[in-house]
Amino acid sequence: MDADIRVRFAPSPTGYLHVGGARTALFNWLFARNQGGRFILRIEDTDMERSTEESYRAIVEDMRWLGLDWDEGPGVGGDHGPYFQSERRTIYAEWCERLLKDGKAYRCFCSQEDLKRMREELRRLGKDIKYDRRCRDLPPEEVKRRVDAGEPFVVRFKAPLSGQTVVEDVVKGNITFENSTIDDFVLLKSDRYPTYNFACVIDDMLMEISHVIRGDDHLSNTPKQILIYRAINANPPIFAHVPMIMGPDKTRLSKRHGATSIGQFRADGYLPEALVNYLALLGWSYDDATTFFERDDLIRKFSLAKVSSTPAVFDYAKLQWLNGEYMKRKGSSEKVDIVLPHLVAAGLMGEPIDSQVRQYLEQVVTVVGERLKVGNQIVDLADFFFRDEIMYEGEVEDILKRHYVPAVLSLLENRLSGLDTFEASAIEHVMRGLVSEMGMKTGDLFQPVRVALTGKKHSPDLLKIMEVLGRDRVLKRLRLARKKALELQ
């Protein structure tokens, strides 16, 4: 165990927690727990126009739901705070002044109009679009005069004009960047807020971050950050850029593929343990055979050496299947807790529920069984358990149109009404007896009865459905279905 291991997850509160961000947080958390190190949460909220309190709270709530607790950060504290970048502006200003004093940065007075004209000219000449460094070597007295006059400026890093910067990456190996391709990028904007690259380096250095584990979409930022580390005479952390998450069509995962936020998966009724298990498998594997990992197993087995360098594909079907496997482990009472919010949201139930209703719900989820893979599926699978009337529309009408249906539903209603006990075994005896008596196939009776009771062509075990619905509701629905069948004849 290494107490010097310190990693961080640093989301920007400008939107929801994307599965890519959650996977990054998970890898950092697993590495810290595996190594006996510290996991830090830092909020990079310097984008004042887009950052919101709502997004921050949602990110924190989603991380807690996933079980990714942090050792330092908002709500926890620590010796390296503040943990909101918006509260660290004086720190960035001080380090920026050091770089200016050492001649490693400079003030740039170019306006947005100047920069636009510059880009247009470079584009016309077929050259790389980057700052032409016109303010890089302004005489000190001119710089002072313009600052004293209140002329707005940004602070740019004085990038080396030659040589190479090598990124030593645990996942991708050594990657070399030519310094001549690196722009004199901005460190401090005209509103005195830091840019991402500058704030990130200063915070990681002061917070003693040992490993930076992040998505490889940040790889292009890394040579710039290494140059800043060199300029402030600090050693860069160990970098590990993990592969991007792609959609099934091998393009970057986005909303057009389906749900992409942790909040949406949570709202849909996925289980946190299943989602954590699945996210861990996106770009990491312990071996080719193991799919299920309890949280302690993940902590014990996780290593950066097993992280792949190739993009991971988000497979919605596999996640649903995996969630279903975790659902199988839940007892009926736990499943009730999972499905209840979805039944309420669909208007099928109200809250609070008493013990009798809860018992009924436990019977429902037991009947639905392994068909229930995700919490919100309860609405499509079992809505008929909660409706007073069943609608017979679309393709199910074709079943009710069969010429024999009114008569056979009437016979079944009469025989079921006389049962001493309305249990699945007794119901089955009556129905199979009727099938034999009428010289029918089993499906010829069971199909119209299923439609009568559920309004669906497919459902869980029909006999168990009948037992849970109870005699009165079954008889009522048989009568209504017979009436509908007569209308369709």
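Being open to solvent by 40 Å² or more (accessible area, probe 1.4 Å) and assigned to a loop (DSSP other than H, G, I, E, B) is the filter here; which residues of the range 164-187 pass it? Residues satisfying the conditions are 170, 172. Look at (1) more than 29 Å from the chain's Cα centre (by Cα); (2) at pLDDT below 95; (3) more than 24 Å from residue 90 (Cα to Cα) and you find that residue 179 fails only one, number (2). Is there a residue in the range 382-397 that is among the basic types (Lys, Arg) and part of a helix (DSSP H, G or I)? Looking for residues that are among the basic types (Lys, Arg) and part of a helix (DSSP H, G or I), one finds none in the range 382-397, hence no.
Being exposed (fewer than 14 other Cβ atoms within 10 Å of the Cβ), out of contact with any helix residue (DSSP H, G or I) (no Cβ under 7 Å at 6 or more places or on another chain) and closer than 23 Å to residue 307 by Cβ is the filter; apply it to the range 237-251 and report the residue that is modelled with the highest pLDDT. Selected residue: 251. Within 48 Å of the chain's Cα centre (by Cα), part of a helix (DSSP H, G or I) and surrounded by fewer than 19 Cβ atoms within 10 Å (Cβ to Cβ): is that true of residue 426 in this structure? Against the criterion (within 48 Å of the chain's Cα centre (by Cα), part of a helix (DSSP H, G or I) and surrounded by fewer than 19 Cβ atoms within 10 Å (Cβ to Cβ)), residue 426 qualifies. Here the condition is being without any contact (Cβ under 8 Å) to a residue 60 or more places away in the chain, within 20 Å of residue 388 (Cα to Cα) and open to solvent by 20 Å² or more (accessible area, probe 1.4 Å); of 473, 432, 415, 479, it holds for 473 alone.
Across the range 188-236, which residue is surrounded by the most Cβ atoms within 10 Å (Cβ to Cβ) among those that are in contact with a strand residue (DSSP E or B) (Cβ under 7 Å, 6 or more places away or on another chain) and part of a loop (DSSP other than H, G, I, E, B)? Ranking the candidates gives 209 first.
Quickly run through the range 324-350 and pick out the residues that are under 11 Å from residue 376 (Cα atoms), open to solvent by 50 Å² or more (accessible area, probe 1.4 Å) and of a type outside the set (Gly, Ala, Ser). Of everything in the range 324-350, just one residue is under 11 Å from residue 376 (Cα atoms), open to solvent by 50 Å² or more (accessible area, probe 1.4 Å) and of a type outside the set (Gly, Ala, Ser), namely 341.
All of (1) in contact (Cβ under 8 Å) with a residue 60 or more places away in the chain; (2) part of a loop (DSSP other than H, G, I, E, B); (3) charged (D, E, K, R) hold for residue 249 with one exception: (1). When the helices (runs of 4 or more DSSP H) confined to the range 262-376 are screened for residues that are under 25 Å from residue 215 (Cα atoms), those reaching at least 3 such residues are found at 262-268, 272-280, 295-301, 316-328. Among the listed residues 292, 265, identify the single one that is open to solvent by 40 Å² or more (accessible area, probe 1.4 Å), touching a helix residue (DSSP H, G or I) at 6+ places or on another chain (Cβ under 9 Å), over 30 Å from residue 166 (Cα atoms) and of a type in the set (Phe, Trp, Tyr). Step by step, each of 292, 265 is checked, and only 292 is open to solvent by 40 Å² or more (accessible area, probe 1.4 Å), touching a helix residue (DSSP H, G or I) at 6+ places or on another chain (Cβ under 9 Å), over 30 Å from residue 166 (Cα atoms) and of a type in the set (Phe, Trp, Tyr). Scanning the range 351-385 for residues that are open to solvent by 50 Å² or more (accessible area, probe 1.4 Å) and under 20 Å from residue 267 (Cβ atoms) gives 351, 373, 376, 380.
Within this structure, residue 308 fails the test of being surrounded by 14 or more Cβ atoms within 10 Å (Cβ to Cβ), more than 12 Å from residue 376 (Cα to Cα), among the polar types (S, T, N, Q) and touching a Ser or Thr at 6+ places or on another chain (Cβ under 9 Å). Kindly indicate the residue of the range 31-54 that is open to solvent by less than 30 Å² (accessible area, probe 1.4 Å) and out of contact with any Ser or Thr (no Cβ under 9 Å at 6 or more places or on another chain) and also farthest from residue 273 (Cα to Cα) among those meeting that condition. Ranking the candidates gives 42 first. Contact map, the range 93-117: first residue over 16 Å from residue 138 (Cα atoms), second residue in a loop (DSSP other than H, G, I, E, B) and modelled with pLDDT under 95, Cβ cut-off under 7 Å, separation 6 or more or different chains; pairs are 93/192.
Could you tell me whether residue 174 is in contact with a Pro (Cβ under 9 Å, 6 or more places away or on another chain) and of a type outside the set (D, E, K, R)? No: the conditions fail for residue 174.
Looking across the range 435-449, just one residue is more than 14 Å from residue 402 (Cα to Cα), of a type in the set (A, V, I, L, M, F, W, C) and open to solvent by 30 Å² or more (accessible area, probe 1.4 Å), and that is 438.
The criterion of at least 2 residues that are of a type in the set (S, T, N, Q) is met by the following helices (runs of 4 or more DSSP H) wholly inside the range 1-102: 19-35. Does residue 70 satisfy the condition of being crowded, with 20+ Cβ neighbours inside 10 Å, out of contact with any helix residue (DSSP H, G or I) (no Cβ under 7 Å at 6 or more places or on another chain) and of a type outside the set (D, E, K, R)? The answer is yes for residue 70. Whenever a residue of the range 349-375 is modelled with pLDDT under 95, its partners that are in a loop (DSSP other than H, G, I, E, B), lying with C-beta atoms within less than 9 angstrom and at least six residues away or across chains, give the pairs 349/386.
The values are calculated or read from the model by the stated rules, or taken from the named source; none is laboratory data. Everything quoted here is computed from the prediction, not taken from an experiment. Using ideal geometry, Cβ is built from the backbone for each residue, glycine included, and neighbour counts are taken over all protein chains shown. Heads up: the accessible areas ignore ligands, DNA and RNA and are worked out on the full protein's heavy atoms, side chains in. Shrake-Rupley method; radii C 1.70, N 1.55, O 1.52, S 1.80 Å.
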